[in-house]
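K.L.:
Sharing a structure below in structure tokens format, with a few things to ask.
The values are calculated or read from the model by the stated rules, or taken from the named source; none is laboratory data. Keep in mind it's a predicted model, so treat the numbers as computed, not measured. Cβ placement follows ideal geometry from the backbone for every residue including glycine, while neighbour counts extend to all protein chains displayed.
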Amino acid sequence: MNPRLVPAQINISFSEAIDEVEVYESEYHKLIESENSPINQWVKHAKTRGDIQGTDPVLLNLLVELHNKIDALERFLKHEEPSRVPLTTKAHIDSIGFEHFNLDAPLLSVGTAYYGRVEMPIHPKRDIGIFFEALSPTLAVITRTHERDEAEWATYLTSRERLLIREAKESKK
């Protein structure tokens, strides 16, 4: 089985998910909850009530992100950085598929389960938690991720494919 992969440069930190499974589970759930800041909650409630009809969605998204950046800056200045589980290995993903990814160096043990944090190169920048299993020293299959993170992964993959198609068309001209 050779999964179809698309070149992509993404950073990942990971550890074997053997000893501290509960700790990894906790962070895995906290990463998705961190998206539920007070301003994000307010926007969700306003949308359900219909209070933001007629509002420019792009402008609203930019204002929410600006608010989140100010909150992050305030936490940084107060030295209130969110605590993250220390992970043993930092690596680079060189290509991705819908359920797979490939590292640029052979750092995995075949058949071993891992927990990782992926630095998604999207706007807004954020980390996603994934559980994965090594199929080879570089190739892994994602065994579990949150539904929203899976959708963002797929969207990023699709955008990478479109970019490669565009570049291929331009190089033929």
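K.L.:
Pull out all pairs, ordered by first then second residue, where Cβ-Cβ is under 6 Å, the residues are six or more apart or on different chains, the first lies in region 149-173 and is in contact (Cβ under 8 Å) with a residue 12 or more places away in the chain, and the second is of a type in the set (D, E, K, R).
P.N.:
Between residues of region 149-173 that are in contact (Cβ under 8 Å) with a residue 12 or more places away in the chain and residues that are of a type in the set (D, E, K, R), there is no close pair.
K.L.:
Against the conditions (1) in contact with a Ser or Thr (Cβ under 7 Å, 6 or more places away or on another chain); (2) touching a residue at least 60 places away in the same chain (Cβ under 8 Å), where does ALA17 fall short? Just the number, please.
P.N.:
(1)
Quick grid of which residues meet (1) in a loop (DSSP other than H, G, I, E, B); (2) out of contact with any Phe, Trp or Tyr (no Cβ under 6 Å at 6 or more places or on another chain):
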site: VAL85; (1), (2): yes, yes
site: PRO106; (1), (2): yes, yes
site: ASP127; (1), (2): no, yes
site: PRO137; (1), (2): yes, yes
site: ILE142; (1), (2): no, no
site: ARG148; (1), (2): no, yes
site: TRP153; (1), (2): no, yes
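K.L.:
Output the residue which, of all residues in region 131-173 that are modelled with pLDDT under 95 and either in contact with a Ser or Thr (Cβ under 6 Å, 6 or more places away or on another chain) or of a type in the set (Gly, Ala, Ser) (or both), is farthest from ASN102 (Cα to Cα).
P.N.:
Among residues in region 131-173 that are modelled with pLDDT under 95 and either in contact with a Ser or Thr (Cβ under 6 Å, 6 or more places away or on another chain) or of a type in the set (Gly, Ala, Ser) (or both), the one farthest from ASN102 (Cα to Cα) is SER171.
K.L.:
Pick out, from region 1-80, the helices (runs of 4 or more DSSP H) lying fully within it that include 1 or more residues that are within 23 Å of ALA154 (Cβ to Cβ) and among the polar types (S, T, N, Q).
P.N.:
38-49, 57-77
K.L.:
Which condition number in (1) at positive phi; (2) touching a helix residue (DSSP H, G or I) at 6+ places or on another chain (Cβ under 9 Å) is the one that HIS146 fails?
P.N.:
Only one criterion is unmet by HIS146, namely (1).
K.L.:
Within region 93-118, how many residues are within 17 Å of ASN11 (Cβ to Cβ) and exposed (fewer than 12 other Cβ atoms within 10 Å of the Cβ)?
P.N.:
1
K.L.:
Still on this structure, I have one more. Given the criterion touching a strand residue (DSSP E or B) at 6+ places or on another chain (Cβ under 9 Å) and basic (Lys, Arg), identify the matching residue among ARG166, ARG126.
P.N.:
The conditions single out ARG126.
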